[in-house]
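> Got a structure for you, questions after.
The values are calculated or read from the model by the stated rules, or taken from the named source; none is laboratory data. Predicted model, so just to flag it, every value in this text is computed and none were measured. Ligands, DNA and RNA are stripped out before the accessible areas are found, and what is left, the full protein with its side chains, is counted by its heavy atoms. Shrake-Rupley method; radii C 1.70, N 1.55, O 1.52, S 1.80 Å.
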Amino acid sequence: MSNEQYICLTCGYNMVGYYPDFCPFCGAPKKRFITADECSNRFDVVANQVSEEVAKLNSVPALGLEHSAYRITTGGRTIWIDCPSTFAAKIVTPAKIIFTHHHFLGAVNLYRDYAGCKAGINRADSAFELCRGFTFDELFEGDHEIDGINAFHIDGHTPGFTCYLFKDILFVCDYVSFHSDELKFNPFGPVEETAEGGKKLSAIIAKYKISKVCGFNYVSDIEKWQRAFQKLLSK
Ligand SMILES: [Zn+2]
Ligand SMILES: [Zn+2]
């Protein structure tokens, strides 16, 4: 299937075309790596519906720290927001894979090679060392719209961090995470800029009617999420 490609079982990061001693994302030693072929044999990608047009994608069994990706199927087109760590040939492959940020690019290169889908990310997130071996077809700047999906450049956690809105569903990946009922900003990034991005996101949300928020390991109704988010912003 692929040329040299390894997946770290600790975090799910894909190393494309090189075999380092330690995972560039989480630092795990290479004994924790499996090949992409082995990954496809041991793991599957499963879709769980969030709404009629949106599904959450995850490797099954769970693969390290892999963040949930989301599939949007609308008007006969399929787009993914972020990408699973596992390449599963049987899953409906999208026309495009657009990223919230560069931390969890998953097996996007394999889907791209297999199905010819286009990969897009904000330009400011496209040249990090963690992007090594990955090709992006589209580099975004600022806020824009892709096939009915609104992209909002938030910055903060990473310089190109982008949140997406499709109809009444908001996608925020790992910008904030739940700790019981409290939300916390992602601590892996610049603290002040991340809080600033939070304010920007809050102002955007206020303009739209949103019912659900899709994060890296949760889907929340907006009421619960907004309560926690506003509390976080007021700290
Ligand atoms: Zn790792
Ligand atoms: Zn991240």
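> So for the chain, averaging the separation of alpha carbon pairs under 8 Å that are six or more residues apart and normalising by length, what relative contact order in percent results?
Dividing the mean separation by the residue count of the chain yields 12 percent.
> Is the shape of the range 10-158 rounded, prolate or oblate, going by the alpha carbon gyration tensor and its root eigenvalues a ≥ b ≥ c, with a/c under 1.5 for rounded and a/b larger than b/c for prolate?
It is oblate, given that a/c is not under 1.5 and a/b is not larger than b/c.
> Once each part is reduced to its C-alpha centroid, what is the distance from the range 86-102 to the range 119-150 in angstrom?
A separation of 14 Å, based on Cα centres.
> Take the Cα coordinates of the range 190-235, assign each an equal point scatterer, and use the Debye formula without solvent to give log10 I(q)/I(0) at q = 0.25 Å⁻¹.
With no solvent term, the Cα-only Debye profile gives -1.04.
> Any idea of the accessible area per residue across the range 81-157, 1.4 Å probe, to the nearest Å²?
Details: 2800 Å² over 77 residues.
Computed with neighbouring chains in place, this is 36 Å² per residue.
> Per residue of the range 50-61, what does 6.51 cos²θ - 1.76 cosθ + 1.60 with θ = phi - 60° give for ³J(HN,Hα)? Whole Hz please, x for Gly and Pro, Karplus curve as stated.
9, 8, 4, 9, 10, 10, 8, 10, 9, 6, 9, x
> For the chain, what proportion of DSSP beta bridges, expressed in % and rounded to the nearest 5, is antiparallel?
Taking every DSSP beta bridge with both residues in the chain, the antiparallel ones total about 75 percent.
> Per residue, how much accessible area does the range 33-75 have with a 1.4 Å probe, in Å²?
That works out to 44 Å² per residue.
> If you don't mind, there's one more thing I want to ask. How large, in percent, is the carbon and sulfur part of the accessible surface of the range 98-235 at a probe radius of 1.4 Å?
Here carbon and sulfur together make up 52 percent of the probe-accessible area.
> Between S85 and residues 5 or more places away or on another chain, which pairs have amide H atoms under 5 Å apart, with H built 1.01 Å from N, and which residues are they?
For S85, the qualifying residues are S59, A107.
> Okay, moving on. Just want to confirm a number: the relative contact order over the range 126-235, from Cα pairs under 8 angstrom separated by 6+ residues, in percent. Please report the intermediate quantities before stating the final value.
Values: 146 pairs, mean separation 23.9, N = 110.
Reported as a whole number, the value is 22 percent.
> Can I ask one more? Calculate what fraction, in whole %, of the accessible area of the range 1-75 sits on carbon and sulfur atoms when a 1.4 Å probe is rolled over the protein chains. Intermediate results must be reported in sequence, preceding the final value.
Numbers: 1710 of 3490 Å².
Carbon and sulfur atoms account for 49 percent of the accessible area of the range 1-75.
> On to the next question. If I stretch the segment between T35 and E145 completely, what's the gain in nm (0.36 nm per residue apart, minus their alpha carbon distance), one decimal?
Fully extending the segment from T35 to E145 adds 36.0 nm.
> As I understand it, the value is the acute angle between the Cα axis of helix 191-205 and the longest principal axis of the Cα atoms of the chain; what does it come to in degrees, rounded to 10?
The angle comes out at about 70 degrees.
> Right, something else. Report the relative contact order of the range 1-70, percent, no decimals, based on alpha-carbon pairs under 8 angstrom and at least 6 residues apart.
Details: 114 pairs, mean separation 20.3, N = 70.
Reported as a whole number, the value is 29 percent.
> Go ahead and estimate [θ] at 222 nm for the chain from helices alone: -39,500 (n - 2.57) per DSSP H run with n ≥ 4, summed, over the residue count, rounded to 500.
-5500 deg cm²/dmol
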